Amino acid sequence: DARVTQTPRDKVTEMGQEVTMRCQPILGHNTVFWYRQTMMQGLELLAYFRNRAPLDDSGMPKDRFSAEMPDATLATLKIQPSEPRDSAVYFCASGLGEAYNEQFFGPGTRLTVL
Amino acid sequence: DAKTTQPPSMDCAEGRAANLPCNHSTISGNEYVYWYRQIHSQGPQYIIHGLKNNETNEMASLIITEDRKSSTLILPHATLRDTAVYYCIVRAQNAGNMLTFGGGTRLMVKP
């Protein structure tokens, strides 16, 4: 049963620290998405990759957030420096082909910044 | 993307059909209707999508009105595990077009 995996599942850190979240998309999927979910804003798209190239990161705060795909099996989302307002659940999703095709979501990383 | 309107919450008795409505009165001709759901503490899960014909799969049925201004997701025999937030999304199948999640409907299936 192919699934998107994310690590860590939970992360508690202090303000100013660097946070790295990792995602392993489903093998063979060529599109990867990063979403953030908070009670106030709901689910928001942060960034989108196809074939490891970033296609849209307009939803991501550029000054502190960065998203990369070092290879086809790993996507990373970094926050440096982290702030309390970054506390949220971060989801990675993967898909095949166009962005509008079915997206398969991972279990999420719950980030708490104190 | 066209905006959608969903009731914030609904209840359904276990074993009965759950009918979740969605209004999308400004939908364009090239926009599809997608449904995802999110069970507590999990990532969203794709359910079904359609353009203008009714669709059915192993999870649910999607009924789209003839004028396409509204649709209904039907879970034919709801179980406790179907308790979740259900999101109705309309979007065109253009390259790079993203999913935009609204508030959704919180469905509570009760014994």
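Just so you know, all these numbers are worked out from the coordinates, no wet-lab data involved. In this text, all values refer to a predicted model and were calculated from it rather than measured experimentally. FYI the Cβ positions are ideal-geometry reconstructions off the backbone, even for glycines, and counts take in every protein chain you see.
Observations, loosely collected:
- Kirkwood hydrodynamic radius over Cα pairs of the range A:16-114, then Stokes diffusion coefficient at 37 °C and 0.692 mPa s, in µm²/s: 244 µm²/s
- For chain B, the fraction of C-alpha pairs more than 26 angstrom apart is 13%.
- Radius 14 Å from Cβ of residue A:98, net charge of other residues (Lys, Arg +1; Asp, Glu -1): 0
- Scattering profile of the range A:45-92 at q = 0.14, 0.18, 0.27 Å⁻¹ [log10 I(q)/I(0), Debye over alpha-carbon scatterers]: -0.34, -0.56, -1.15
- Dipole of the protein assembly as shown [Lys/Arg +1, Asp/Glu -1 at C-beta], most positive-end residue of B:72, B:51, A:12: A:12
- Gain on full extension, evaluated as 0.36 nm per residue between residue B:65 and residue B:30 minus their Cα-Cα distance, stands at 11.1 nm.
- Long-range Cα-Cα pairs in the protein assembly as shown (distance over 31 Å), rounded percent: 23 percent
- Spin-label pair residue A:12/residue A:51, simplified geometry with 7 Å Cα→Cβ offset, distance in nm: 4.5 nm
- Unmatched cysteines, the protein assembly as shown - criterion: no other Cβ of a Cys under 4.7 angstrom: B:12
- FRET efficiency, 1/(1 + (r/R0)^6) with R0 22 Å, evaluated for residue B:3 and residue B:72 via beta carbons: 0.80
- Candidates B:72, B:26, B:83: whichever shows maximal mean-square fluctuation once chain B is modelled as a Gaussian network with Cα springs under 10 Å: B:26
- Tail weight of P(r) past 16 Å, computed on alpha-carbon pairs of the range A:1-66, percent: 59 percent
- Part-to-part distance (alpha-carbon centres) for the range B:1-80 and the range A:76-114, which is given in Å: 24 Å
- Length available on full extension from residue A:83 to residue A:63: 0.36 nm per residue minus the Cα-Cα distance, which gives 6.0 nm.
- The length gained by stretching the chain between residue B:52 and residue B:81 to full extension, at 0.36 nm per residue less their Cα-Cα distance, is 7.6 nm.
- Charged side chains reduced to their Cβ positions (Lys and Arg at +1, Asp and Glu at -1) give the range B:11-111 a dipole of some 160 debye around its Cα centre.
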